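Reviewing the structure listed below.
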Amino acid sequence: MADALHRALDWRGPDRLVLVHGFTQTLASWAHLAVPLSETFQVVRVDLPGHGGSGAVDMSFAEAAAAIGDAGGRATYVGYSMGGRLCLRLALDRPDLVQALVLVGASPGLADHTEREARRAADEALAGEIERMGTAAFLDRWLAQPMFAALEPTAEDLAARRANTSAGLAAALRRLGPGAQEPLWDRLGALDMPVLAVAGQDDARYCHIAEEMADAIGVNAQVVAVAGAGHAAHLERPGSFSRLLAAFLVLHPPTS
């Protein structure tokens, strides 16, 4: 499965850092961070199933998490939203691969069965809309949500998003969405690597989730709220995010 997911590699640094994007994005969304990080690290950017160069890949949640580990190897993993949920599953299933974990706007899933089933139905309905309206029209609607009010995608990121197929995005939503994910809350106490949970200060829901995750993980977890940011804190405030990531990596450096 090492080649199951498309990835981009930069091998200039000695130690490895894996960057995993969110729904509708591609590895291009990390370009602004990958360039400076590659001066210090081996940066691996991964396209999730249904996205970018992995557009034709269709996997379950557990399979996708394992494929990220196959693509990234032993490293520090940084995951945003959908990518963060998958990196969290990888850290629980393969702690030998995840030296440290950074989660941005991410969650362990929906613990309540009724809520999860409702979300599954909502994701199915949304997937059908993606297939009917096409990627471009869906993206206009998706990015118009209040949670992305402060987000201004780069031209490269936006072009890559628009190149995603509606079939790929719909499949990803059905297979990797919160409604399809087995909740991970009860397993969080097993994480013993350093964990940084990041949320935008204006994203009240995910600030609360980050605090709850850290409480469940224990003393090896910390929470940072990024001022002036919503759900996509790393894209909305890239300078602030770069600084807090750099500080975390100094304290918890990945090793080859």
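Out of the trypsin sites (Lys or Arg not before Pro) in region 1-84, which ones are loop residues according to DSSP with at most 13 other C-beta atoms within 10 Å? Spell out each step's value before the answer.
Details: sites: ARG7, ARG12, ARG16, ARG45, ARG74; in loops: ARG12, ARG74.
Sparse-neighbourhood loop trypsin sites (Lys or Arg not before Pro): ARG12.
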Check: Of all DSSP beta bridges in the chain, what percent run antiparallel (nearest 5)?
Finding: 15 percent
Margin query: Quick check on the chain: helices-only [θ] at 222 nm, where DSSP H runs of length 4 and up contribute -39,500 (n - 2.57) each and the sum goes over total residues. Nearest 500, please.
Written below: -13500 deg cm²/dmol
Next item on the list: Considering only MET213, MET133, MET82, give the residue with the highest GNM mean-square fluctuation for the chain, with springs between Cα atoms whenever their separation is below 10 Å.
Entry: MET133
Checklist line | Options (i) 0.92; (ii) 1.65; (iii) 1.13 - which one matches Cα Rg over 2.2 N^0.38 Å as calculated here | finding: (i)
Check: Listing ILE209, ILE68 from the residue with the fewest other Cβ atoms within 10 Å to the one with the most, what is the order?
Finding: ILE209, ILE68
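Since every read-out is calculated from the coordinates, none of them should be taken as a lab result. Just so you know, these numbers come straight off a predicted model, no measurement behind them. A quick note on method: Cβ atoms are made from the backbone with ideal geometry, for glycine too, and the neighbour counts reach across all protein chains shown.
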